[in-house]
Amino acid sequence: MTTRSTRWRLRFRRWMAPAAAVVLLFTGTIVTWAVQRVTPADAQFLEPASRAGIGSAAIAHRLATAGAPVHRVGSSAAALSGATGDATLLVTAPGYVQPAHLGRLLGTHRYGRVVLVAPSPAVLDEQRLPARRTGSRWTTGVADAGCAGVPSAGPAAVRGDTYTATAPGAHRCYAGGVLQLPASGGPQVVLVGAADVFRNDRIGEHRNAALAAALLGTRPVVWLSLHRPEPVEQAPLPPAPTISPDRPHPTATGPTFQPPSATVGPDSGSGAGGDSSAGGDPPNPLWSALPPWVWAIVVQLLVAAVLFAAWRARRLGGPVSEPLPVLVPSTETVLGRARLYRRSNARAAAAAALRAGTLRRLRAGVGDAAEATGTEALATASGWPIERVESVLYGPAPERDDELRALAADLAELRRVLDPHDGSTRQETGRAGHR
């Protein structure tokens with residue numbers, strides 16, 4: 001029982017370090033993902049005037065340059081009052097809008113198109129939209145358009161949440177990353193599975209800028225930006241404006257976005273780094289100069305190096321021979337070493353030790369001249385065939401336990417034949433047979 005428990009402890013210690021390394025790697029990955037994950041609660045998230053990496057100053061400047069002014073609003077009431085009938089409404093955080101207010105925005109002709117960024121299944125159910133979410137990825141994937149409903153802009157990083165329609169007439173694009181729902185008594189609703197196409201630090205990748213411009217179109221854009229859920233106690237919503245088909249649409253009354261003074265190209269993704277504060281370019285430290293995944297890899301490499309150092313610290317060097325502090329019986333030493341050989345399946349080392357001991361004893365009993373003459377002299381003195389002597393003393397290492405026991409018996413018999421006065425021969429022969 002003691003031997004079995006000792007084996008289990010040794011096996012546990014042997015597997016504990018790799019298992020701990022795997023657990024720590026997964027934990028570090030999850031923690032890094034949680035720290036680097038961007039949510040609408042961030043004050044810079046998809047802000048049209050923000051030049052931070054998660055802001056949207058680049059696409060806002062592109063739209064303004066193309067003649068599509070951007071009106072940033074901070075509440076659903078302002079979005080309703082700023083409607084022009086042919087404008088596009090971009091909702092950066094659909095889950096933060098009051099369900100009743102969002103339903104009113106989606107159910108009237110106040111906007112020609114409403115773009116919802118990564119709406120949750122709860123939002124889809126509350127608004128009874130003919131769509132459902134089919135998947136959600138940790139990192140945004142790249143896909144081709146693969147449809148005719150949305151103007152093809154080439155491959156874009158928009159596969160975060162993926163959607164599918166539950167009613168006919170919808171256009172599913174970018175492997176479910178963009179879903180254009182059919183217009184039925186209201187504006188055209190487009191579901192976008194990821195915010196990457198609108199972000200400054202992603203706008204220059206792939207064809208994200210072209211897709212963002214195609215989604216928002218050339219009409220005026222009302223940018224509904226929320227960073228916390230709207231309170232329930234809100235002022236009554238304004239009545240829906242009457243839009244006559246024979247007169248121009250009213251002008252939006254929301255605050256008009258002015259492009260930042262810094263030069264930001266229409267297709268540029270250089271808005272990463274810095275913040276939206278005025279007064280010159282902000283400093284660009286190393287932390288924001290490199291993408292987040294670089295720091296995640298550096299942290300994981302450091303953790304792996306620490307684990308490797310801790311694993312190697314178990315052995316500070318080769319074994320050093322020291323005198324024993326107490327006298328140990330020879331039988332215990334032999335049995336302990338034999339158990340170590342057996343536990344590690346070191347049959348080759350055990351065979352080499354037995355052969356070296358046999359040759360040492362033969363030199364002491366028969367003389368150095370016997371070894372000097374080679375196996376022929378040993379075969380002549382023992383009466384064994386020379387092939388058997390060579391196989392016993394210099395043959396291949398045994399591969400099984402029974403072969404090792406047979407070799408030990410042959411070596412003991414060879415010593416007995418060559419040196420009958422060796423008193424340990426009979427005792428070791430008995431041990432070999434017992435093992």
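The values are calculated or read from the model by the stated rules, or taken from the named source; none is laboratory data. All values derive from a computational prediction rather than experimental measurement. The accessibility values were calculated without ligands, DNA or RNA, using every heavy atom of the protein model including side chains. Shrake-Rupley method; radii C 1.70, N 1.55, O 1.52, S 1.80 Å.
Accessible area of Trp384 (1.4 Å probe, protein heavy atoms only, ligands and nucleic acids ignored): about 30 Å². Cα extents for segment 152-226 along the principal axes, largest to smallest and rounded to whole angstrom: 35, 28, 25.
By the Stokes-Einstein formula, at 1.002 mPa s and 20 °C, segment 40-139 with its Kirkwood radius over alpha-carbon pairs has D equal to 145 µm²/s.
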